[in-house]
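As structure tokens, the structure follows; a few thoughts come after it.
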Amino acid sequence: MIMDLKCIVAALRHCGRFHAIKQGKAFHSHLIKTGFSHNVYAANNLVSMYMDSTFLDQGRKLFDEMPDRNIVTWTTMVSAYTNSGQPQEAIKLYTQMLDCKAEVPNGFMYSVVLKACSLVGNIELGRLIHGRIAGEKFDNDIVLMNTLLDMYVKCRSLNDAREVFDEIISTANSTSWNIIISGHCKERLMKEAVDLFHLMPEPNSASWNNIIGGFADNGNLRALEFVYKMHHKGFKLDEFTFPCALKTCSYVGFLDMGKQIHSYVLKLGFESSCFTLSALVDMYSNCNALNAALKLFHQNSDSSTSFCDNLALWNSMLSGYVVNGKNITAIAMLLRIYRSGSCMDSYTLSSALKVCINLLNLRLGIQVHGLVVCSGYELDCVVGSILIDLYAKVRNIRDAFLLFNRIPKKDIVAWSGLLMGCSKVELNSLSFSLFRDMINLDLEVDQYVVSSVLKVCSSLACLQRGKQVHAFCIKSGYEAERVTLTALIDMYSKSGEIDAGLALFDTVHEKDVVCWTGIIVGCGQNGRATEAVKLFEEMVQKGLKPNEVTFLGVLSACRHAGLIEEGWSTFKSMKLHGLQPHLEHYYCVVDLLGQAGHFNEVEDLIVQMPFKPDRTIWSSLLGACVTHRNSKLVGEVADHLLATSPNDPSVYVMLSNAYATLEMWDSLRTVREASKTLGIKEAGVSWVDISF
């Protein structure tokens, strides 16, 4: 019977390996009949067979019914739950074993529990196990120590990982070196990663790929440098190397280099690799070669291959359409994937949500949100963050906040999307509060988030907060970033500190149109009209092409300062720069000429306007008539004002004030009688930020 038991156990292991659950159950029945089902040796293998065949409930039931268990029993269960994506349950069982003092853990048990800790980020339990490993002298087991090292890396505790690595460095194998190098790459500490790579006794393909992957994730061209060195050293480029190299080409738009890599992929026969093929489609799409991406897609999206097997390729093509602004085509492709019955993954849903963001289509966004919920990705870090960004961009801040509070892990997309969404709907104090939370939680804050926060400070005209953000820029090394510098100049200008804005402007080595426009507008807003005009002339002399906003800034400065000649010549030069004046530009010139009393020129300009003057134009001219007591023109302006805004109470108030100032009593009486039918205008409100 002993021999028979060994044969049955061997058969059970075979059933577990090949998921032959029907035959496994037959052997289970045989063991019950022969009375060996409660034998620890047989029962352990039965539990293992069920767990390996993913029949977790039956395996757990058998485990719970076992009268006797040993460390193998517990380890089998903990390992099975860890490998089947239920690490929390694995940790719970391990804790239960310790609490009931059933067995003393061994190296295998510690290894599987550490893996579970890696999956859920339970670094506290991982540190306790680390203490037990040291106390029980297991630190000579290099496989176990590598698992411990991997746990610290995946829990993003690089200091702990480095301490473990330093302890085992004398016995470290290639796996140990690759884990610590990978950890530094994931934390974007590429200099340290490269230093470790050079210290490694014998780097292998995995070591090279770790470095290449680290640089590729950062969009750094050194990824291609290491691909060349890897090839030169005689290592075979593989299914990991090529996607990373192509990813780098995508980031920097190296189409020619991407084509060369494509040729090499064909030469080595890697084009059939799903990941390499997807990376090729991504590369062509991101390098504005959508037709090449489509050709590659159609050649390989064989109808005989299921969507599930080829979903990565479809995702790449879907992303390509989104990147190239082909949003309607992307929706059609998404519909094909949906109708195929294929399970959409986070990449599919992310691209679908980006289409909704591009189109600012809330209705479509809600439908895709439904797909996200059905697919179980609503609380996924990436998908959830893009959902928040979508709702924030369509100004649905309430739903954005509801999602934000539900997502357990929020990335920079979630935080920045919500922050910028709040600033869009002028919830500026809330935006700044979110920024402070990001700082306090030690979250990554990039230059674009800082730029958005500086715009919030500009809107609040709060110099104290702006200076705090400026200090953060210097501390984080963002002060030299063009997008941040432009936002800082704008913040200081709008807060009345134009000298600080000019000082920052002078530190910029390569000034673009946005930077010049920011300082020109700032000078105009702060009564430095002459400087604004001089800066504009300097900008043109340097060969930069001003845009509509630049001209508006100069014209506005001239309007406030009464610089008629400068304003008029600037306005006429717009067409020389290939720009057509908008209503705002005409308003500035009308106001400038009107306040100077040049009514004939104003009337000629209004007649020449390519569009119908609005309330703003006529209101400006009315104010000029009052200033220069031009009662003759007031009647004509009043007719136009009433025609453009017949139901606006403020128009009647303006006319009443004008008639009263010009002592046109009959007209005043008529306007006041007409205004009574419209009701009373609501009182306005204002606020002020007080610094203590």
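The values are calculated or read from the model by the stated rules, or taken from the named source; none is laboratory data. None of the values given here were measured: they were computed from a predicted structure. Here Cβ is always computed from backbone atoms with ideal geometry, including for glycine, and neighbour counts include all displayed protein chains. Please note that ligands, DNA and RNA were not included when accessible areas were found on the heavy atoms of the full protein model with its side chains. Shrake-Rupley method; radii C 1.70, N 1.55, O 1.52, S 1.80 Å.
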Among Lys115/Lys247; Lys295/Lys326; Lys511/Lys534, the pairs whose Cα-Cα distance exceeds 19 Å are Lys115/Lys247
Apply the Karplus parameterisation 6.51 cos²θ - 1.76 cosθ + 1.60, with θ equal to phi minus 60°, to every residue of region 105-116 and state each ³J(HN,Hα) to the nearest whole Hz, in sequence, with x for glycine and proline.
x, 10, x, 5, 5, 4, 4, 6, 5, 4, 5, 5
Each label sits 7 Å from Cα toward the beta-carbon; between Arg395 and Lys92 the label points are separated, in nm, by 4.7
For a quick protection proxy, order the peptides 494-500, 6-12 by their average other-Cβ count within 10 Å, most packed first.
494-500, 6-12
Gyration tensor (alpha-carbon) shape descriptor, region 83-202, a/c threshold 1.5:
prolate
If you roll a 1.4 angstrom probe over the protein chains with everything in place, what fraction of the accessible area of region 47-100 belongs to carbon and sulfur, to the nearest %?
47
Computed over the Cα atoms of region 246-356, what is the ratio Rg over Rh, Rh following Kirkwood?
0.96
If you roll a 1.4 Å probe over region 514-553 with all protein chains in place, what percent of the accessible area is carbon or sulfur?
52
Return P(r) of the chain (all Cα-Cα pairs; 10 Å bins starting at 0; whole %; ordered from short to long distances).
3, 10, 14, 20, 19, 13, 8, 6, 5, 2, 1, 0, 0
Determine the gain in length on full extension of the stretch Gln367-Val653; use 0.36 nm per residue of separation and subtract their C-alpha separation, reporting nm with one decimal.
98.2 nm
Sequence of Thr530, Thr570 when ordered by accessible area, the most exposed leading, probe 1.4 angstrom:
Thr530, Thr570
Determine the relative contact order of the chain: mean sequence separation of Cα pairs under 8 Å and six or more apart, normalised by residue count, in whole percent.
4
Selection from Tyr81, Leu12, His38 lying farthest towards where the dipole of region 1-89 points positive, charges on Cβ
Leu12
Carbon and sulfur together cover what percent of the accessible area of region 583-673 at a 1.4 Å probe radius?
50
I need the calculated FRET efficiency for the pair Leu576 and Lys534, taking r as the beta carbon distance and R₀ as 25 Å, to the nearest 0.05.
0.85
Give the distance, in whole Å, between the Cα centre of region 401-477 and the Cα centre of region 513-579.
31
Under 12 Å by backbone N from the virtual spin label 7 Å along Cα-to-Cβ at His628, the residues of region 561-594 are 590-594
Please list Leu144, Leu290 in order of solvent-accessible area, largest first, computed with a 1.4 Å probe with all protein chains present.
Leu290, Leu144
Would you mind checking region 528-549 for residues with the amide N under 13 Å from a putative spin-label position 7 Å along Cα→C-beta of Ala461?
none
Where the centroid of each part is defined by its Cα atoms, how far is region 122-167 from region 206-279 in Å?
32
Pop the C-beta distance of Leu189 and Leu583 into the FRET formula with R0 = 56 Å and round what comes out to the nearest 0.05.
0.60
If each residue of separation counts as 0.36 nm, what is the full-extension length gain between Arg406 and Asn288 once their alpha-carbon separation is subtracted?
38.7 nm
Highest first, please rank the peptides 586-593, 331-338 by the mean number of other Cβ atoms sitting within 10 Å of their residues.
586-593, 331-338
Extension gain Asp256-Glu565, at 0.36 nm per residue separation less the Cα-Cα distance, in nm?
106.0 nm
Per residue, how much accessible surface does the chain expose to a 1.4 Å probe? Answer in Å², no decimals.
51
Mind listing the phi-derived Karplus ³J(HN,Hα) values for region 144-159, rounded to whole Hz, using 6.51, -1.76 and 1.60 with θ = phi - 60°, and x for any glycine or proline?
5, 5, 5, 5, 4, 4, 5, 4, 5, 5, 6, 8, 6, 10, 5, 5
Dipole magnitude (debye, nearest 20) for the chain, charges at Cβ of Lys, Arg, Asp, Glu:
1460
Which value in deg cm²/dmol, rounded to the nearest 500, describes the helix-derived mean residue ellipticity at 222 nm for the chain, given -39,500 (n - 2.57) per DSSP H run of n ≥ 4 and division by the residue count?
-23000 deg cm²/dmol
Order the following by accessible area, largest value first: Val450, Val373. Probe radius 1.4 Å; ligands, DNA and RNA are ignored.
Val373, Val450
Whole-percent tail of the Cα-Cα distance distribution for region 506-636, cut at 22 Å, equals 36
For Glu167 and Lys6, extending 7 Å from Cα along the Cα-Cβ vector and measuring point to point gives, in nm, a value of 4.0
Kirkwood hydrodynamic radius of region 66-134 from all distinct Cα pairs, in Å?
11.8
Residue-wise, which Karplus ³J(HN,Hα) couplings in Hz belong to region 212-226, taking 6.51 cos²θ - 1.76 cosθ + 1.60, θ = phi - 60°, and x for glycine or proline?
4, x, x, 5, 5, 4, 9, x, 8, 5, 5, 4, 5, 4, 6
Need one number: nm distance between label points at Asn70 and Asp666, each 7 Å from Cα along Cα→Cβ, rounded to one decimal.
11.7
Assigning unit charges at the beta carbon (Lys, Arg +1; Asp, Glu -1) and nothing else, what dipole magnitude in debye, to the nearest 20, does region 124-242 show about its Cα centre?
300
